[in-house]
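Worksheet: one structure, shown below.
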Amino acid sequence: NSSRIGFKGKEDLGGGLSALWQIEMTIQMDGNGNTNNVINAASGSHGLRNSFVGLSGGFGTVLMGVHDTPYKLATSRLDPFSDTTGDYNIAIGSINGKNQFEVRANNVLAYISPKLADFTFSAGYVFAAEESNGSAPNLNAYSLSGTYDAGPLYASLAYEAHNNINSNGHDRSSWKLGGGYKFGSTRLGLVYEKS
C-alpha cells in the first residue's frame, strides 16, 4: 500500500556515543498524499517520512526532525494490517473520522530510553511551526509512552496532548493501553483508547 526510499547512517564518535541520521520519503507516482492532520508531516507532494538527526549511547537515543510520535509507536506492532487499506489508523487515533493522534510529526524532539528490565520509555515534544504567512505558531504537543517487551508478551501505555490547536485555544488529549501475546505463529492483540 506504500512505496518508500530512504537513506540512513551512523558514525561512531567514541566513548560509546554515536551520531545518526535518516532521510526517508514516500514515493507516490499517482497522488499527492494529502492528509487531514494538522501536525502530520506526510502532507503535500513531498511525502516525508521519519527523517532526523540524533545521538545515541548508553543513555538512550535523542533525535530531532520528522518522526512518529511515541504515542503512535506504542501500539504500532499490534496492528496486524499495517501499511494496508485495513490499517487500524482508520479508528485508532481518530476523532470524527480524522487521524489526529497516530501521526508522524514535524519539528519533533524525542528521547527513547535504553531497554531496562524489558521496559522502554519514550518522550517527544512537537514544537509549533511558524505559519506560512509569518504569524505566531499555534499547535504544540507532547507525547509519552512506556512499553514492556518480554518475549511473547508485549504491553504499552501512551498519552499525548495537543495544545492550542486552533485560534480558540482549544486543547485535546488521548491515552491508550495496548497488549499482545504471541504463541507460535499466532499473535493476539488488544488496544483500548480514550480521546
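Across segment 128-155, the qualifying residues are those that are modelled with pLDDT of 85 or more and closer than 19 Å to Gln100 by Cβ, and the one among them that is most open to solvent (accessible area, probe 1.4 Å) is Tyr142. Residues in segment 56-108 that are out of contact with any helix residue (DSSP H, G or I) (no Cβ under 9 Å at 6 or more places or on another chain) and among the acidic types (Asp, Glu): Asp83, Asp87. Return a yes/no flag: does segment 84-95 have any residue that is in a strand (DSSP E or B) and more than 18 Å from Leu188 (Cα to Cα). Yes, because at least one residue in segment 84-95 is in a strand (DSSP E or B) and more than 18 Å from Leu188 (Cα to Cα).
Conditions tested, residue by residue: (1) open to solvent by less than 40 Å² (accessible area, probe 1.4 Å); (2) at pLDDT 95 or above; (3) under 19 Å from the mean Cα position of the chain (by Cα); (4) of a type in the set (D, E, K, R).
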{"site": "Arg4", "(1), (2), (3), (4)": "no, no, yes, yes"}
{"site": "Leu17", "(1), (2), (3), (4)": "no, yes, no, no"}
{"site": "Asn37", "(1), (2), (3), (4)": "yes, no, yes, no"}
{"site": "Leu48", "(1), (2), (3), (4)": "no, no, yes, no"}
{"site": "Val53", "(1), (2), (3), (4)": "no, yes, yes, no"}
{"site": "Phe59", "(1), (2), (3), (4)": "no, yes, no, no"}
{"site": "Val62", "(1), (2), (3), (4)": "no, yes, yes, no"}
{"site": "Thr69", "(1), (2), (3), (4)": "yes, no, yes, no"}
{"site": "Ala74", "(1), (2), (3), (4)": "yes, no, yes, no"}
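For segment 96-120, filtering for residues that are part of a strand (DSSP E or B) and under 17 Å from Met64 (Cα atoms) leaves 9. The C-beta contact set for segment 93-111 (first residue farther than 15 Å from Ser76 by Cα and open to solvent by 30 Å² or more (accessible area, probe 1.4 Å), second residue basic (Lys, Arg) and at pLDDT 80 or above, distance under 8 angstrom, 6+ apart or interchain) comprises Ile95/Arg172.
Look at Gly146 and say whether it is farther than 21 Å from Ala110 by Cα and either aliphatic (A, V, I, L, M) or in contact with a strand residue (DSSP E or B) (Cβ under 7 Å, 6 or more places away or on another chain) (or both). So Gly146 fails the test. Among the residues of segment 57-72, are any of a type in the set (Asp, Glu), on the phi < 0 side of the Ramachandran plot and without any contact (Cβ under 8 Å) to a residue 60 or more places away in the chain? Yes, segment 57-72 has at least one match.
The values are calculated or read from the model by the stated rules, or taken from the named source; none is laboratory data. Owing to the predicted nature of the structure, the values given are computational and were not obtained by experimental measurement. Methodologically, a virtual Cβ is constructed for each residue, glycine included, from the backbone with ideal geometry; neighbour enumeration extends over all protein chains shown. Ligands, DNA and RNA are excluded from the accessible area calculation, which covers all protein heavy atoms including side chains. Shrake-Rupley method; radii C 1.70, N 1.55, O 1.52, S 1.80 Å.
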